[in-house]
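I have placed the structure first, in the form of structure tokens, so that the comments after it can refer back to it.
The values are calculated or read from the model by the stated rules, or taken from the named source; none is laboratory data. These numbers were taken from a predicted model, which means no experiment stands behind them. For neighbour counting, all protein chains shown are included, and Cβ atoms are generated from backbone atoms with ideal geometry for every residue, glycine included. Heads up: the accessible areas ignore ligands, DNA and RNA and are worked out on the full protein's heavy atoms, side chains in. Shrake-Rupley method; radii C 1.70, N 1.55, O 1.52, S 1.80 Å.
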Amino acid sequence: LPSDSQQPIHIQADKADLDNNKGVLVYRGNVIITQGTMKVMGHTVTIVRNKDGGVDVMTSQGSPAYFEQIPSANEPMIKAYGSMIQYQTANKKIVLEGNAKVIQKNNTFNGSRMVYDTEKGTISAVGGTKTTTGSTSKGGRINMVLEPEKKKQ
Amino acid sequence: MSKSLLYKLGILLLLIMVVAVFEYFDDDTLKIDSKYKKDATIDYFADDLDVTQYKTDGSVDYNITSDKLTHVQEKDISYLVKPKALLYKNQTSPWQITSNKGEVGPKGDTIVLINDVKGIQADEKGGVNSFEIGQQANDTDPVKYGKVNVYANKKYAESNDYVIFNAPDGQTSGNGVKAHMDTNQIEILSNVKTKINRGQNAN
């Protein structure tokens, strides 16, 4: 939700390395971060804070890393997967890399690299190189599965 | 045998018994005494201790006060009651660290802070940073049992106990901590929970 970014951020993990001088927090092991309706999960999450104490960038790595959020009150939750998910809070964008996949309103988008604009609700995808083993991205192309809108009776 | 001889033999026997009994008891009591004596030669103690260490430029490096210091010669350990340390990393906002008890190791290299270990600092912006180490055994016992080893020369401290850090913009807790005081880096070893009060760009 738009109000998510003003909510407190809660983080749980097995271990943490906090560098208060640089404002860099690294959480390792079963990391779960929640903020309002947003949730980020991964095995390693790095948070870079700005000098006001807020969060500038949140980078999650996992196999896969996971992101979910309800974009607005009357929209269904959006879910995203990737080996790296980076949430850039200043420009409200989420960058996904490595078998990236975004599920929005039953539409599924796959690619090697994707950028989801949380403000505009737009998704841009990059095919990237040919993937050999068991990947849904054929020949490094983008792959979309769009569910047809149900006709109003 | 004449009466006087018998009399002398009796006295002699009595003496031997007394010595035997004395030897028997003496042996035990002496042993306990020496053990106790060997371990705790208190060669000096001080009440209302107040120690200030200055830097080469004349500014204060740290100040330590304690209700009582007791130094045990054999171990070269000083035992402190209610120690309080003011650590001046920069002159404006020192860290104040207190605990119930303390032990200063040989040459003062290691300091162990025991139970109710707390630290507090007012930062330049007027915010307050604080930490607490240890946990209560139960609701009725107010003491927070926990131990911290401080390696003064290395400006490094570590504990295996529960720790909670409070800062103006959030809070972090966990079990076990390693703190590098010179670089302001903290490792929390398990069960980490953090809350950041401000959202992303709440400025």
Exercise. Among the residues of region B:24-59, write down those that are of a type in the set (S, T, N, Q), surrounded by 10 or more Cβ atoms within 10 Å (Cβ to Cβ) and modelled with pLDDT of 80 or more.
Key: B:Thr41, B:Thr52, B:Gln53, B:Ser59
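Looking at A:Gly53, is it at the interface with another protein chain (Cβ under 9 Å from one of its Cβ atoms), at pLDDT 95 or above and either open to solvent by less than 10 Å² (accessible area, probe 1.4 Å) or out of contact with any Phe, Trp or Tyr (no Cβ under 8 Å at 6 or more places or on another chain) (or both)? Please lay out each step first, then the result.
Details: at the interface with another protein chain (Cβ under 9 Å from one of its Cβ atoms): yes; at pLDDT 95 or above: no; either open to solvent by less than 10 Å² (accessible area, probe 1.4 Å) or out of contact with any Phe, Trp or Tyr (no Cβ under 8 Å at 6 or more places or on another chain) (or both): yes.
Here the answer is no, as A:Gly53 does not meet what is asked.
Filter region B:169-200 down to the residues that are assigned to a loop (DSSP other than H, G, I, E, B), farther than 15 Å from A:Thr34 by Cα and facing chain A (nearest Cβ under 7 Å), then identify the one that is farthest from the chain's Cα centre (by Cα).
Residues of region B:169-200 that are assigned to a loop (DSSP other than H, G, I, E, B), as a first pass: B:169, B:181-184, B:197-200.
Remaining after also requiring farther than 15 Å from A:Thr34 by Cα: B:169, B:181-184.
Then keep just the ones that are facing chain A (nearest Cβ under 7 Å); that gives B:169, B:183-184.
Working: B:Asp169: 31, B:Thr183: 25, B:Asn184: 23 Å.
Per the stated criteria, the residue is B:Asp169.
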Quiz item: Restricting the search to region A:73-93, which residues are open to solvent by less than 30 Å² (accessible area, probe 1.4 Å) and either within 14 Å of another protein chain (Cβ to nearest Cβ) or polar (S, T, N, Q) (or both)?
Solution: A:Tyr87, A:Thr89
Quiz item: Counting only residues that are part of a loop (DSSP other than H, G, I, E, B) and farther than 11 Å from B:Tyr162 by Cα, how many does region B:126-152 have?
Solution: 10
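Can we say B:Asp139 is free of Cβ contacts under 8 Å to residues at least 40 places away in the same chain, of a type in the set (Asp, Glu), within 22 Å of B:Thr92 (Cα to Cα) and surrounded by fewer than 19 Cβ atoms within 10 Å (Cβ to Cβ)?
Details: free of Cβ contacts under 8 Å to residues at least 40 places away in the same chain: yes; of a type in the set (Asp, Glu): yes; within 22 Å of B:Thr92 (Cα to Cα): no; surrounded by fewer than 19 Cβ atoms within 10 Å (Cβ to Cβ): yes.
Considered against the rule, which asks whether it is free of Cβ contacts under 8 Å to residues at least 40 places away in the same chain, of a type in the set (Asp, Glu), within 22 Å of B:Thr92 (Cα to Cα) and surrounded by fewer than 19 Cβ atoms within 10 Å (Cβ to Cβ), B:Asp139 comes out as no.
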Practice problem: Might you check whether a residue that is open to solvent by less than 50 Å² (accessible area, probe 1.4 Å), outside any strand (DSSP E or B) and either in contact (Cβ under 8 Å) with a residue 40 or more places away in the chain or within 14 Å of another protein chain (Cβ to nearest Cβ) (or both) occurs anywhere in region B:108-123? | Solution: yes
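Residues in region B:92-107: is at least one hydroxyl-bearing (Ser, Thr, Tyr) and within 13 Å of chain A (Cβ to nearest Cβ)? So that I can check it myself, show each step before the final result.
Going residue by residue through region B:92-107, those that are hydroxyl-bearing (Ser, Thr, Tyr) are B:92-93, B:98-99.
Checking the rest, the ones that are also within 13 Å of chain A (Cβ to nearest Cβ) come to none.
No: zero hits.
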Quiz prompt | Evaluation of A:Thr34 against (1) more than 16 Å from A:Val115 (Cα to Cα); (2) in contact with a Pro (Cβ under 8 Å, 6 or more places away or on another chain); (3) open to solvent by 40 Å² or more (accessible area, probe 1.4 Å) (one fails), failing number | solution = (2)
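Considering only region A:1-24, how many residues are within 7 Å of chain B (Cβ to nearest Cβ) and free of Cβ contacts under 8 Å to residues at least 40 places away in the same chain?
Within region A:1-24, the subset within 7 Å of chain B (Cβ to nearest Cβ) is A:5-21.
Still in the list and also free of Cβ contacts under 8 Å to residues at least 40 places away in the same chain: A:6-8, A:10-21.
Residues meeting the conditions: 15.
May I ask you to verify whether B:Val163 is crowded, with 17+ Cβ neighbours inside 10 Å, touching a residue at least 40 places away in the same chain (Cβ under 8 Å) and part of a strand (DSSP E or B)?
Values: crowded, with 17+ Cβ neighbours inside 10 Å: yes; touching a residue at least 40 places away in the same chain (Cβ under 8 Å): no; part of a strand (DSSP E or B): yes.
Spelling it out, it is not the case that B:Val163 is crowded, with 17+ Cβ neighbours inside 10 Å, touching a residue at least 40 places away in the same chain (Cβ under 8 Å) and part of a strand (DSSP E or B).
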